[in-house]
Amino acid sequence: MARFFNSHASLVLTVILTLTAVTVYCQDKCPAIIDWHYIGSVDIYNKPDGKIIHQMKNDTANEDLIHLDILRQTDSYFYVFMQMNTIRDTATGWIKKADYIGAYLKQESFPAMDLTIYKDKIISNTDKIVITKWKPVLLTIEKYADKWVFVSLKQNGKTYKGWIEAHKLCANSYTYCN
């Protein structure tokens, strides 16, 4: 009988922790990645427009890629905690916003699909932007607010910008969180 209650208590605790993680996706921090295609170094500053205190770079040859949590933001910078996948290198500081900082859409469908983003942080048919036949790529994170992320993307020479619900994004270079 005790084994039955312990296994169910463990299951209930797991469900609660999972729901909590989904609920607070971008309230305190916003998970993101440095695009694995980006081969340059990312400069980490002690403050916006400050001094470089560290640099990190994706190691695509060894599949050791940068993951980060965006903790705060200004118009031009993110305050982040960054780490390599193997946790051999970590850093906390400010990085300049750039098109290689982003996340993927969960439930992507290849080779193309429709993507919906919104002009405001409200799901509304009048404020939605539907990008038809979108070819799934990294969505650039511009900013975040509560459970929403403001993203940008380019398709067919046109730039689209809008809000997407944070829980629809996946900050993982190895899987699309499907």
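The values are calculated or read from the model by the stated rules, or taken from the named source; none is laboratory data. As the structure is a prediction and not an experimental result, all values here were calculated from the model. Reconstructed Cβ throughout: ideal geometry from the backbone, glycine too, with neighbour counts over all protein chains shown. Calculation scope for accessible area: heavy atoms of the full protein, side chains included, ligands and nucleic acids excluded. Shrake-Rupley method; radii C 1.70, N 1.55, O 1.52, S 1.80 Å.
Observations
- Residue within segment 102-124 that is open to solvent by 40 Å² or more (accessible area, probe 1.4 Å), touching a Phe, Trp or Tyr at 6+ places or on another chain (Cβ under 7 Å) and β-branched (V, I, T) present: no
- Any chance Y144 is surrounded by 20 or more Cβ atoms within 10 Å (Cβ to Cβ) and either farther than 15 Å from A98 by Cα or touching a residue at least 12 places away in the same chain (Cβ under 8 Å) (or both): yes
- Counting only strands (runs of 3 or more DSSP E) that fall entirely inside segment 73-120 and contain at least 1 residues that are free of Cβ contacts under 8 Å to residues at least 12 places away in the same chain and over 13 Å from the mean Cα position of the chain (by Cα), the qualifying elements are 90-96.
Residue-wise test of (1) within 15 Å of the chain's Cα centre (by Cα); (2) part of a loop (DSSP other than H, G, I, E, B).
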| site | (1), (2) |
| --- | --- |
| I123 | no, yes |
| V130 | no, no |
| Y144 | yes, no |
| G162 | yes, no |
| Y174 | yes, yes |
| C177 | yes, yes |
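- For V137, the test of being open to solvent by 20 Å² or more (accessible area, probe 1.4 Å) and either touching a residue at least 24 places away in the same chain (Cβ under 8 Å) or not in a strand (DSSP E or B) (or both) is passed.
- Only residues that are farther than 27 Å from V137 by Cβ, open to solvent by less than 90 Å² (accessible area, probe 1.4 Å) and not in a strand (DSSP E or B) were counted in segment 26-56, giving 3.
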